[in-house]
Amino acid sequence: MNDNSTITAEKEKRINPFFAPYGTPHDTVPFDRIRLEDYEEAMMEGIRRDKEYLEKTVNNPAKPTFDNTMIAQPEDPDGYYDLLERVTTVFFNMLSAETNDEMDALAQKMQPILTQHANDMRLDKRMFERIKAVHLHHRRLTPEEKKLLDEAYEGAVRTGALLSDEDKERLRRLTEEASMMTLQFSQNLLKDRKAFTLHITDEAQLDGLPDTAREAAALAAKEAGKEGWLFTLDAPSMGPFMKYSTQRDLRREMYMAYNTLCMHDNSENNLDICKRIINLRREVAQLLGYRTYADYVLKRRMATNKRTVYHLLDQLIDAYKPTAVKEVEEIRKTARQIEGKDFNMEPWDFSYYSYKLQMKKYALDSEMLRPYLELSRVIDGVFGLATRLYGITFRLNEDIPVYHPDVKAYEVFDRDGSYLAVLYADFHPRKGKQGGAWMTEYQGQWIDRKGENIRPHVSVVMNLTKPTADKPALLTLGEVETFLHEFGHALHGIFANTRFESLSGTNVLWDFVELPSQFMENYSMEKEFLRTFAFHYQTGEPMPDELIKRIVKSRNFMAAYACMRQVSFGLLDMAYYTKSKPFDEDIIAFEKAAWKKAQVMPQRTDTCMTVQFSHIMAGGYAAGYYSYKWAEVLDADAFSVFKREGIFNQQTAQRFRDEVLSRGGTEHPMELYKRFRRGEPTIDALLKRNGIKRK
């Protein structure tokens, strides 16, 4: 048999891995067997199966019931019912964590097909009539069944079920274009961010940089096949450069590169794309009967309306801005003491002189902490915290396939030793990976027809400091907070324990989803927690008490400024999505005006946040960015309960698990929270934690 015949025979024999049981530990994704061409083939087959299932359901001659309409599933000898969900979950997760030009091209090809199919399913009159009939006349339902039914009916209405045929077609066009615009936004941002590097060959230009930053830059240069040192716009590279470099002109170059992403006259420019996204969302909302997109979104949020959101943001401005102004003035004063009374501080100076002030006030530098925050020990500390609170344990399983050598896969076991979940951890930046940090899932939790509790496969993706040739990955305390944050989201998924996947884990109202993640951040400042893992990576000595005292003492350093920064993003988000008329303003000028009342430093007119603001343009935070501050009120309030009852109190933790983490979206989140809290939340705990209000 010649070589071509062998290849043909193998191709004929090979089965697309999405079409069969995976045959991996816990049925985890077989990343090592998936080829690029498998995605399109599986998506198209998934679309075909969806349509077949829809026809079978709507043509069922029996009277519509909850059981034959809401949970009926076609027989599948392989035991897997939603092929399209299976393949698109993997594909779009890879598009964020490990993409390339071929994946990007396939996304451009498939996105309109997938959006059209989603519209076909959502806007099918016959299916809506069945759901409507069940909604009006149904058997006695459990609370969770009732929630699923209400969500399905309201979701259908919110996605156009009551529109005329003409308006449904218009909605199709709008949503299909919006999906392409958000995809293009993300691809442009990734390409533009990865395109910039600051290449240094003169060692004198590294002045002020700590060894960790120099070593990481040397490694980056070596990996790129260059001499010297290479700095990028990834946080572990840019952050230390802006903080320590004495080279003001290079700090300016880095700052301007980052803050002018996607606003240059090239193919990655996002200015017009942002305008189009804003207008498309407004048109969708108005077509569905809402005045603005914010009105549409907030109908399904804890805040419920724009007035409540603005009330929260205004409360925070009133409480924090006077302190934030003083904080910035203190940094400006520090800069002038160092550089002279005529020195004019620019944005690229802020991190540098903020660091100088922090050293002056607290003698604390994040580089002092790095030797005590080695990644493997941090992992032990974070996992150990979950063990101490909830009794769960983690075991690395190298038999579980991963999509990149950086990724580690862990089995998670409950207090009684039973299997609970799979957790993937992806720690470091690389070429095909978006910036930032996020949690996602490859499989949600649900209970199948046989009563088996299908456990989740959860992933945390971050961009933490990489190891170098000479040192392991040594983190900053801020990176530890990031890990804790995403791990909090992961616990929300890991502890999911509901009947229906669409109500499990993080499938909650958007302004509640950040509570579990931000709650976990509180531990980063607790001595008892740091004591469990913060040991010097070379000597094994524990982090000195004096250093921990300085960490705790400095916890509110620039807290008011940080609050105003978040509030400004919330104001910008609301400004775009409370527009009731077509948006055709200059994005840059509009941005500066929108967040002006939360700004505490002069604004530049040659930079723009909007064009790289993934949360509100391509993520799920449009008209919802305020939720970070909303959830911060809840997380401070929740942690105050732990502070009172014991930060490692297992009974309190079990109550948090039972009432919040495991319940998903089966009830209104405020009811869940009040059962845990045994009362209403207030803003007082946040104000006290940040030192704005005296205890």
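General observations
- Exactly one residue among Val382, Val412, Val402 is touching a residue at least 40 places away in the same chain (Cβ under 8 Å), of a type in the set (A, V, I, L, M) and assigned to a helix (DSSP H, G or I), and that residue is Val382.
- Of the residues making up region 415-425, just one is more than 24 Å from the chain's Cα centre (by Cα) and assigned to a strand (DSSP E or B), namely Tyr419.
- Single condition Gln538 does not satisfy, out of (1) surrounded by fewer than 18 Cβ atoms within 10 Å (Cβ to Cβ); (2) assigned to a helix (DSSP H, G or I); (3) not small (Gly, Ala, Ser): (2)
- Qualifying residue in region 558-573 (condition: of a type in the set (D, E, K, R), free of Cβ contacts under 8 Å to residues at least 40 places away in the same chain and assigned to a helix (DSSP H, G or I)): yes
- Of the residues making up region 317-364, those that are part of a loop (DSSP other than H, G, I, E, B) and touching a helix residue (DSSP H, G or I) at 6+ places or on another chain (Cβ under 6 Å) are Phe343, Met345, Leu364.
- Counting residues in region 458-467 that are assigned to a loop (DSSP other than H, G, I, E, B), at pLDDT 95 or above, buried (at least 21 other Cβ atoms within 10 Å of the Cβ) and small (Gly, Ala, Ser) gives zero.
- When Lys553 is tested against (1) closer than 21 Å to Leu634 by Cα; (2) at pLDDT below 95, just one condition goes unmet, and that condition is (1).
- Count of region 603-628 residues, restricted to those that are open to solvent by 10 Å² or more (accessible area, probe 1.4 Å) and part of a helix (DSSP H, G or I), is 4.
- Filter pass, Thr182 being among the polar types (S, T, N, Q), open to solvent by 40 Å² or more (accessible area, probe 1.4 Å) and within 27 Å of the chain's Cα centre (by Cα): no
- Of note, Gly225 does not satisfy the criterion of being within 24 Å of Gln358 (Cβ to Cβ), over 25 Å from the mean Cα position of the chain (by Cα) and not in a helix (DSSP H, G or I).
- All told, Gly665 meets the bar of being in a loop (DSSP other than H, G, I, E, B) and surrounded by 22 or more Cβ atoms within 10 Å (Cβ to Cβ).
- Options Glu45, Glu37, Glu41: the member that is of a type in the set (D, E, K, R), more than 21 Å from Ala97 (Cβ to Cβ), modelled with pLDDT of 90 or more and open to solvent by 50 Å² or more (accessible area, probe 1.4 Å): Glu41
- Residue in region 529-547 that is modelled with pLDDT of 95 or more and closer than 30 Å to Asn453 by Cβ present: no
- Some residue of region 472-483 being open to solvent by 10 Å² or more (accessible area, probe 1.4 Å), of a type in the set (Phe, Trp, Tyr) and either more than 30 Å from Asp365 (Cβ to Cβ) or under 18 Å from the mean Cα position of the chain (by Cα) (or both): no
Residue-wise test of (1) among the polar types (S, T, N, Q); (2) surrounded by fewer than 17 Cβ atoms within 10 Å (Cβ to Cβ); (3) in contact with a strand residue (DSSP E or B) (Cβ under 6 Å, 6 or more places away or on another chain).
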site	(1), (2), (3)
Leu233	no, no, no
Ala257	no, no, no
Thr260	yes, no, no
Asn269	yes, yes, no
Lys275	no, no, no
Gly289	no, yes, no
Thr292	yes, no, no
Leu298	no, no, no
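- Scanning region 584-598 for residues that are surrounded by fewer than 17 Cβ atoms within 10 Å (Cβ to Cβ) and in a loop (DSSP other than H, G, I, E, B) yields Asp584, Glu585, Asp586.
- Within region 541-570, tally of residues that are under 22 Å from the mean Cα position of the chain (by Cα) and open to solvent by less than 10 Å² (accessible area, probe 1.4 Å): 5
- Any hit, region 284-294, residues being closer than 20 Å to Met617 by Cβ, touching a Leu at 6+ places or on another chain (Cβ under 7 Å) and among the β-branched types (Val, Ile, Thr): yes
- Sole exception among (1) within 30 Å of Asn556 (Cα to Cα); (2) assigned to a helix (DSSP H, G or I); (3) of a type outside the set (D, E, K, R); (4) open to solvent by less than 10 Å² (accessible area, probe 1.4 Å) for Ala303, by number: (2)
- Some residue of region 489-498 being surrounded by fewer than 24 Cβ atoms within 10 Å (Cβ to Cβ) and either outside any helix (DSSP H, G or I) or out of contact with any helix residue (DSSP H, G or I) (no Cβ under 7 Å at 6 or more places or on another chain) (or both): yes
- Residues that are of a type in the set (A, V, I, L, M) and farther than 16 Å from Arg565 by Cβ do not occur anywhere in region 318-334.
- From Glu632, Glu680, Glu645, residue being in contact with a helix residue (DSSP H, G or I) (Cβ under 8 Å, 6 or more places away or on another chain), surrounded by fewer than 21 Cβ atoms within 10 Å (Cβ to Cβ) and within 27 Å of Thr387 (Cα to Cα): Glu645
- Leu389 being open to solvent by 10 Å² or more (accessible area, probe 1.4 Å) and under 20 Å from Met439 (Cβ atoms): no
- Scanning region 185-214 for residues that are open to solvent by 50 Å² or more (accessible area, probe 1.4 Å), assigned to a helix (DSSP H, G or I) and more than 30 Å from Lys275 (Cα to Cα) gives Glu203, Ala204, Gln205, Asp211, Arg214.
- Among residues of region 25-53 that are of a type in the set (A, V, I, L, M), those with a beta-carbon under 6 Å from a residue that is open to solvent by 30 Å² or more (accessible area, probe 1.4 Å) at least six positions away or on a different chain give the pairs Leu36/Glu102.
- Residues of region 499-513 that turn out to be among the polar types (S, T, N, Q), in a loop (DSSP other than H, G, I, E, B) and open to solvent by 20 Å² or more (accessible area, probe 1.4 Å), as a count: 2
The values are calculated or read from the model by the stated rules, or taken from the named source; none is laboratory data. Just so it is clear, the model here is predicted, and its values are computed rather than measured. Because the Cβ atoms are built from the backbone with ideal geometry, glycine has one as well, and the counts that use them run over all protein chains shown. Please note that ligands, DNA and RNA were not included when accessible areas were found on the heavy atoms of the full protein model with its side chains. Shrake-Rupley method; radii C 1.70, N 1.55, O 1.52, S 1.80 Å.
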